[in-house]
Amino acid sequence: MNDLANVTLLPAKINLKHHLPPLKYDYAALEPNIDSRTMILHHDNHHASYVKKLNEALENFPDFRDCSALWLLLNLEKIPKEIRDAVHHNAGGHVNHSMFWRAMRTGAADEPKGLLREAINRDFGSFADFKTQFEEKGGKLFGSGWVWLTCTRKNGGKLEVITTNGHDHPMMQNRFPLLLNDVWEHAYYLKYENRRPDYLKAWWSVVDWDQAARCFERSDSSVEELLEAEDEHLLPKHRQ
Ligand code: MN3
């Protein structure tokens, strides 16, 4: 038997990989509010790079290779020290961007309806007041990060606008995310340059409020249920 024959007898190597979720719309679909050049760079370069670096970090740590990106992010203390920072930044980048693409859609500007609208009115006074607070907090965040509409999973699901630094996620602070906007410069600089407030204002035209409402419906689930129902994009798959 030659060497080549021996190789074919080896068991198939299980090689799980996180992967870049495809956009559900064209790169130009969010024009003029988000330009296609920004979308191409943001999705195909920035997000792809987080996925690639996450896979590279996990390459020699098979115990963690079938864990979802959200699980990794919420269990950083269990991650070996030598890859903890890389997993923190890149799993966070992967989780947040995967949610961000789904938070937007083509079509005319919309407003929240139903229970989510009622909760917004209850906790912010009005939809206009909520938008003002979201724009102010997103505009003031120093450096790179995200601005979120979140709810607590207790106390009647009280809504709150928060910001996170880097790619941190609200579930790391026991808050549940309903909507998010990326205020890293790479999200807006090509079109809006240093005018982040203009980007934040224009972004309302592409928000998918049905998606935010679906998140709100799921917000009283346990963390375990949420991880189970997690979008398939966040679970690694066998390499094609
Ligand atoms: Mn980004």
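In degrees between 0 and 90, to the nearest 10, how far off the longest principal axis of the chain does helix 81-102 point, with axes built from Cα atoms? Taking Cα atoms only, the helix is inclined about 50 degrees. Building the convex hull from the alpha-carbon atoms of the chain and averaging its projection over directions returns 15.0 nm². In straight-distance terms, cross-link reach from Lys17 covers every one of the lysines whose alpha-carbon lies under 27 Å from its own, apart from those fewer than eight places away in the same chain; here that gives Lys52, Lys53, Lys78, Lys81, Lys237.
May I ask for the distance between the Cα centers of the stretch 132-190 and the stretch 47-95, given as a whole number of Å? The stretch 132-190 and the stretch 47-95 have Cα centres spaced 21 Å from each other.
Distant-in-sequence amide contacts of Lys17, defined by a placed amide H-H separation under 5 Å and a gap of 5 or more residues or a different chain, comprise Lys237, His238, Arg239.
Computed over neighbours whose Cβ is under 15 Å from that of Arg105, the net charge equals -2, Lys and Arg +1, Asp and Glu -1. Entry for the stretch 114-228 at q = 0.11, 0.13, 0.19 Å⁻¹: log10 I(q)/I(0) = -0.35, -0.50, -1.03, Debye formula applied to identical alpha-carbon scatterers, no solvent contribution. At most 11 other C-beta atoms within 10 Å and a DSSP loop state: those are the exposed trypsin sites (Lys or Arg not before Pro) I care about. Give me the longest piece of the chain that has none. Longest stretch, sites excluded: 14-112.
Sparse packing (at most 15 other Cβ atoms within 10 Å of the Cβ) combined with a DSSP loop state is found for the following chymotrypsin sites (Phe, Trp or Tyr not before Pro) in the stretch 82-151: Phe142. So which of Lys131/Lys158; Lys24/Lys191; Lys140/Lys201 end up more than 19 Å apart by C-alpha? Check vs 19 Å cut-off fails for Lys24/Lys191.
Rounded to the nearest 10 degrees, the angle from helix 114-124 to the longest Cα principal axis of the chain is 70 degrees.
None of the figures in this text is laboratory data; all of them are computed from the coordinates on show. No experiment lies behind these values; they were computed from the predicted model shown. Methodologically, a virtual Cβ is constructed for each residue, glycine included, from the backbone with ideal geometry; neighbour enumeration extends over all protein chains shown.
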